[in-house]
Structure formats: C-alpha cells, structure tokens
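Here is the structure we will look at, set down as structure tokens.
The values are calculated or read from the model by the stated rules, or taken from the named source; none is laboratory data. Note that the structure is a prediction, hence the values are computed from the model and not measured. Cβ placement follows ideal geometry from the backbone for every residue including glycine, while neighbour counts extend to all protein chains displayed.
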Amino acid sequence: MSQGVRTGPDGSGQALSTAYDTALLDLDGVVYAGGSAIAHAVESLEVARAGGMHLAYVTNNALRTPDAVAEHLTELGIPTGAGDVITSAQAVARLISEQVPAGARVLVIGGEGLRVALRERGLEPVESADDDPAAVVQGFGGPDLPWGRFAEASYAVARGVPWFASNTDLTIPSGRGIAPGNGAAVEVVRIATGAEPQVAGKPLPPMHRETILRTGAKRPLVVGDRLDTDIEGAFNGAVDSLLVLTGVTDGRQLLAAPPQHRPTYVDADLRGLLTGQPEVTADGDGFRCGGWTATAGADRLELEGDGEALDGLRALCAAAWTAAGEGSCELDGGKALARLGL
C-alpha cells in the first residue's frame, strides 16, 4: 500500500458507512456552513444512519450547547439528540474538573456552551477576574463577544490563575466566508500575558477521549474538513479519517500534508460515506487512480490521463506523500491541480 489515500479498511471498495460503526462528524465546513446545510449532507447522513451507522457530531466550536446544536441539525433535516453532540466545551470542562476542587469557580470567556458544560461537571461559572476563580476558560464567543472579556481573562491569567482553552482553531467557516476562530481570540490573551493555555479540543487527546467516552465507538471514522484539527486528531487517536473538500482545506494544502495531516480517505462531500473509495495502485514510477497517473518529478508533480477530478487528486496524494516520506511535499503541484479544476 502506498502512502496515499486508501480504498477501504481492508483494501476493498466497501462503503465507509458499513465498514465503520460510528462517524465522528465535524460540523462547521462538513455538515453546515453558517446556518445552512452543505450540499448533499442531509441526504447522505440519512442514508448512512438508515444503514446502521451511528452518527455523532464532534465540534471544536464551544459557543452553543449540545441541545442547541441538536435542535439546529434537526431543523436542517438531520434528526439528532443532544447526546449525539460532543463539543470542545465538554472536553475542556472535564479537563478543568480534574484539576480544581469540586464546586470551584471558573471565569468564562465565551458563550453558553461553556457555562452549561462547566455546570455539568459541578463547577460554577463566573464573569469577573475579581470573583476569585480557580481557573479561566476561553472558548469561541461569536462575533458579538465584547473586547473587554479578553481583558478580564488577561487580568486573571496574569495573576497566575490556570488558563484553559476549548480549542485553538484560528479560523471558522461561516456562510459568508472564513472568519476568525477561538484561536485568534486565544492569541489576544497570550500576547497580553505571555502565558500558555491548556487546550482540550481537536487535535489533542482530551477531545478524542471525550468523544470515545460519550459515543462508545468501537470502530470510529473521523470525518472533517481541517487537516490540523480533524485529521491530526484522528492521527493522534490512531483512527481512520475521511477528509471532505467542503470546508477550509484545498488541494495544495492536502498535497503538502505531513504524515499527521494525511487523511485515510478523500472525497468531495459527505456522499463519500456511502461509496467505496476507488483503488490507488503503484504504476511504474507513479500511482494510478481511475484514469489518472501521477508521478513525482524533479521539481513538480506530474499528472497524465483523464477521468474524475477526485481520482486525479487521490493519485497526486499518493505520489506527493510517498515522495515526501515523513516530511511535507515541496514539489509544485499547481499545474496538476489546475488541470483537475482544484
């Protein structure tokens, strides 16, 4: 097997929805963007669920509560219970609860999702650095989070109060484009204090632990759009992953991915759950998928043939990742990607 994307868990073309018992689905950029469902998401998830796959929604966005997320998904046509939603707010609340006394006060810089998760762990959310908090927690607060909240966090962190962050995603997809994420807000407090937070969200182990504890998944498949959170989180958890190209990752980033950012499978959208992945095979000095053959040249990736664009991308991944080994591919793939319209 090459270092490119795989055909299936056993090398076959078996549908991913039957090969894995649980899909651990990211939300922003995978299921929806802004308030609207991404094309093909609703019907694909309906078919996967009907076939017996458990659907769990795993998000680094700590703003909304599991109840609110489940209600939104249900309104989009994806019947969901709150127990099927796992957030970085829940992961960070567990992390905090393991390090502070029961009932401790926690200064919250973020939204209702954080407050609900803290109360679930028996902790008391507070609003001021003067409330004698035992910890500070920072999570995505949405576009209306007042600037003064960052100052409040900075005052407490500068006094030595332990600092936690739900996640450090620098950006977040929205219906209007890419917006600053919680990681950008964390940087504000980092600059003001010089401190480093403990982080719970993807790709770090606390989030994977929270997900497995809450879903009981035996053979999970991580489904995401981000290499540095979803795919790296799957790598850290030693589970397989599907990258969908409906969010922030483009072809250039995928070809340059180091080992921890290389997905097991690549597809255009969530319809990829319902089909077998096409075979990628070694072909002389290159790799073939469908009607395409990709090779690594002296300074660029070469692509010959014709067929489905995604097959060409899969072949290019195999060539790029094999050439790069344990590093990142620095070969120019621009011309090959342009030929695929990617």
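Condition check: surrounded by fewer than 17 Cβ atoms within 10 Å (Cβ to Cβ), part of a helix (DSSP H, G or I) and free of Cβ contacts under 8 Å to residues at least 24 places away in the same chain. Does Ala298 satisfy that?
Details: surrounded by fewer than 17 Cβ atoms within 10 Å (Cβ to Cβ): yes; part of a helix (DSSP H, G or I): no; free of Cβ contacts under 8 Å to residues at least 24 places away in the same chain: yes.
In short, no.
Look at (1) part of a helix (DSSP H, G or I); (2) in contact (Cβ under 8 Å) with a residue 60 or more places away in the chain; (3) of a type outside the set (D, E, K, R); (4) more than 26 Å from Phe164 (Cα to Cα) and you find that Val266 fails only one, number (1). Out of all the residues in the stretch 69-77, is one or more surrounded by fewer than 16 Cβ atoms within 10 Å (Cβ to Cβ) and among the small types (Gly, Ala, Ser)? For the stretch 69-77, residues surrounded by fewer than 16 Cβ atoms within 10 Å (Cβ to Cβ) and among the small types (Gly, Ala, Ser): present. Please verify whether Ala192 is assigned by TED's automatic domain parsing to the domain that holds Leu114 and either of a type in the set (Gly, Ala, Ser) or touching a residue at least 60 places away in the same chain (Cβ under 8 Å) (or both), treating the condition exactly as stated. Criteria met by Ala192. Taken together, Pro258, Pro263 contain a single residue that is in the same structural domain as Glu43 (by TED's automatic domain parsing), touching a Leu at 6+ places or on another chain (Cβ under 6 Å) and modelled with pLDDT of 95 or more, which is Pro263. Of all residues in the stretch 329-342, those being outside any helix (DSSP H, G or I) and exposed (fewer than 15 other Cβ atoms within 10 Å of the Cβ) number 3. Exactly one residue out of Gly103, Gly110, Gly81 is farther than 23 Å from Thr229 by Cα, of a type in the set (Gly, Ala, Ser) and in contact with a helix residue (DSSP H, G or I) (Cβ under 9 Å, 6 or more places away or on another chain): that is Gly81. Annotation: of all residues in the stretch 164-178 being touching a helix residue (DSSP H, G or I) at 6+ places or on another chain (Cβ under 6 Å) and assigned to a strand (DSSP E or B), the one that is surrounded by the fewest Cβ atoms within 10 Å (Cβ to Cβ) is Phe164.
Inspect the stretch 140-152 for any residue being outside any loop (DSSP other than H, G, I, E, B), surrounded by fewer than 20 Cβ atoms within 10 Å (Cβ to Cβ) and in contact (Cβ under 8 Å) with a residue 60 or more places away in the chain and give the result as yes or no. Looking for residues that are outside any loop (DSSP other than H, G, I, E, B), surrounded by fewer than 20 Cβ atoms within 10 Å (Cβ to Cβ) and in contact (Cβ under 8 Å) with a residue 60 or more places away in the chain, one finds none in the stretch 140-152, hence no. Of all residues in the stretch 274-308, how many are in contact with a Pro (Cβ under 8 Å, 6 or more places away or on another chain) and closer than 19 Å to Ala324 by Cβ? Selection size over the stretch 274-308: 1. Looking at this structure, is Cys317 within 26 Å of the chain's Cα centre (by Cα), in the same structural domain as Leu242 (by TED's automatic domain parsing), crowded, with 20+ Cβ neighbours inside 10 Å and in a loop (DSSP other than H, G, I, E, B)? In short, no.
Only one residue in Ser17, Ser44, Ser2 is in a loop (DSSP other than H, G, I, E, B) and either of a type outside the set (Val, Ile, Thr) or modelled with pLDDT of 95 or more (or both). Which one? Reasoning before the result, please.
Values: Ser17 fails: in a loop (DSSP other than H, G, I, E, B); Ser44 fails: in a loop (DSSP other than H, G, I, E, B).
Selected residue: Ser2, the only one of Ser17, Ser44, Ser2 that is in a loop (DSSP other than H, G, I, E, B) and either of a type outside the set (Val, Ile, Thr) or modelled with pLDDT of 95 or more (or both).
Among the candidates Leu25, Leu118, Leu45, the residue that is closer than 19 Å to Ala153 by Cβ, buried (at least 19 other Cβ atoms within 10 Å of the Cβ) and under 24 Å from the mean Cα position of the chain (by Cα) is uniquely Leu118.
For the stretch 209-227, enumerate the residues that are part of a helix (DSSP H, G or I) and either over 27 Å from Pro258 (Cα atoms) or not assigned by TED's automatic domain parsing to the domain that holds Ala56 (or both). Write out each step before concluding.
Going through the stretch 209-227, the residues part of a helix (DSSP H, G or I) turn out to be 209-215, 227.
Hits for the stretch 209-227 are Leu213, Arg214, Thr215.
The residues listed here are Thr193, Thr281, Thr275, Thr211; of these, the one that is crowded, with 21+ Cβ neighbours inside 10 Å, of a type in the set (S, T, N, Q) and on the phi < 0 side of the Ramachandran plot is Thr211. The residue of the stretch 228-253 that is nearest to Leu213 (Cα to Cα), among those that are among the β-branched types (Val, Ile, Thr) and assigned to a loop (DSSP other than H, G, I, E, B), is Val239.
Criterion applied to Val189, Val161 was being over 17 Å from the mean Cα position of the chain (by Cα) and assigned to a loop (DSSP other than H, G, I, E, B), and the one residue passing it is Val161.
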